[in-house]
1. Kindly indicate whether any position in segment B:59-73 is open to solvent by 40 Å² or more (accessible area, probe 1.4 Å), in contact with a helix residue (DSSP H, G or I) (Cβ under 8 Å, 6 or more places away or on another chain), of a type outside the set (S, T, N, Q) and away from chain A (no Cβ under 14 Å).
2. Identify the residue in segment B:1-16 that is assigned to a loop (DSSP other than H, G, I, E, B) and at pLDDT 95 or above and, among all such residues, is least open to solvent (accessible area, probe 1.4 Å).
3. Of everything in segment A:62-79, what is surrounded by fewer than 16 Cβ atoms within 10 Å (Cβ to Cβ) and either in contact with a Lys or Arg (Cβ under 9 Å, 6 or more places away or on another chain) or among the small types (Gly, Ala, Ser) (or both)? Give them in sequence order.
4. List the number of the failed condition for A:Lys103; all other conditions in (1) touching a residue at least 12 places away in the same chain (Cβ under 8 Å); (2) within 17 Å of B:Phe33 (Cβ to Cβ); (3) among the charged types (D, E, K, R) hold.
5. So which of A:Val11, A:Val27, A:Val21, A:Val4 ends up being within 14 Å of another protein chain (Cβ to nearest Cβ), at pLDDT 95 or above and either surrounded by 15 or more Cβ atoms within 10 Å (Cβ to Cβ) or touching a Leu at 6+ places or on another chain (Cβ under 9 Å) (or both)?
6. Which of the residues that make up segment A:76-116 are over 15 Å from A:Phe46 (Cα atoms), more than 14 Å from every other protein chain (Cβ to nearest Cβ) and not charged (D, E, K, R)?
7. Looking only at segment B:34-53, which residues are at pLDDT 95 or above and of a type in the set (Phe, Trp, Tyr)?
Amino acid sequence: AQSVAQPEDQVNVAEGNPLTVKCTYSVSGNPYLFWYVQYPNRGLQFLLKYITGDNLVKGSYGFEAEFNKSQTSFHLKKPSALVSDSALYFCAVKPPGWSNTGKLIFGQGTTLQVKP
Amino acid sequence: DVKVTQSSRYLVKRTGEKVFLECVQDMDHENMFWYRQDPGLGLRLIYFSYDVKMKEKGDIPEGYSVSREKKERFSLILESASTNQTSMYLCASSLPSGGRNEQFFGPGTRLTVL
């Protein structure tokens, strides 16, 4: 079955340190990959996506993610974390061959806690 | 900016009631989605619609139905609410283009069924 995994329920990092939120996927072929963020009591906001081309994609709020085909991963990174980055992060994938309706498979979510 | 609005932020209903959750988007998007979000389970797709009056079941459609009479509005209906439908409900919309486009989400409706 096609799936997305976020292996960590929570990631804790000190402000100013680099952060990584992990995502791995299990689909056949080349998927489209997305990261979303959810701040408390808010809907999800789009951060960045990988469709094709350069494996390193940059997004909103200083975040970036690297597509690694051999490891089937799409980890979210930021060089220097801010307390305001504390939120719930979701990885999502659109498998190739799915309909063109834009349906996505979402991971379970990872809570990022940045401490001052 | 795309705006997706949901009719209520918080809703409390009783078991057996018929519940309507409304979602409206203002960017002429063809695709619209209803998800439920539960801790540890991420987002699970209930139904989606790719055009007016067109709909497809998602992963967990049981106990739900939807209506899309106008392009901008997508309604989720709980025919007879049950306590296990207590959850956060998120609506989203997107343009087509083969799934390359990101989804835009509403603020969510936190539904409690007593």
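1. yes
2. Taking segment B:1-16 as the starting set, the residues that turn out to be assigned to a loop (DSSP other than H, G, I, E, B) are B:1-3, B:7-9, B:14-16.
Going one step further and asking which of them are at pLDDT 95 or above, we end up with B:14-16.
Numbers: B:Arg14: 149, B:Thr15: 85, B:Gly16: 44 Å².
It comes out as B:Gly16.
3. Passing the criteria: A:Gly62, A:Ser70.
4. Unmet condition: (1).
5. Details: A:Val11 fails: within 14 Å of another protein chain (Cβ to nearest Cβ); A:Val27 fails: at pLDDT 95 or above; A:Val4 fails: at pLDDT 95 or above.
It is A:Val21.
6. The answer is A:Pro79, A:Ser80, A:Ala81, A:Leu82, A:Val83, A:Ser84, A:Ser86, A:Leu112, A:Gln113, A:Val114, A:Pro116.
7. Answer for segment B:34-53, where residues must be at pLDDT 95 or above and of a type in the set (Phe, Trp, Tyr): B:Trp34, B:Tyr35, B:Tyr47.
Residue-by-condition table, conditions (1) out of contact with any strand residue (DSSP E or B) (no Cβ under 6 Å at 6 or more places or on another chain); (2) of a type in the set (Asp, Glu):
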{"site": "B:Arg14", "(1), (2)": "yes, no"}
{"site": "B:Gln37", "(1), (2)": "no, no"}
{"site": "B:Leu41", "(1), (2)": "yes, no"}
{"site": "B:Ile46", "(1), (2)": "no, no"}
{"site": "B:Ile60", "(1), (2)": "no, no"}
{"site": "B:Glu69", "(1), (2)": "yes, yes"}
{"site": "B:Leu78", "(1), (2)": "no, no"}
{"site": "B:Thr83", "(1), (2)": "no, no"}
{"site": "B:Thr86", "(1), (2)": "no, no"}
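The values are calculated or read from the model by the stated rules, or taken from the named source; none is laboratory data. Because the structure is predicted, anything quoted here is derived from the model rather than measured. Positions of Cβ are backbone-derived with ideal geometry, glycine not excepted, and every protein chain shown enters the neighbour counts. Only protein heavy atoms, including side chains, enter the accessible area calculation; ligands, DNA and RNA are left aside. Shrake-Rupley method; radii C 1.70, N 1.55, O 1.52, S 1.80 Å.
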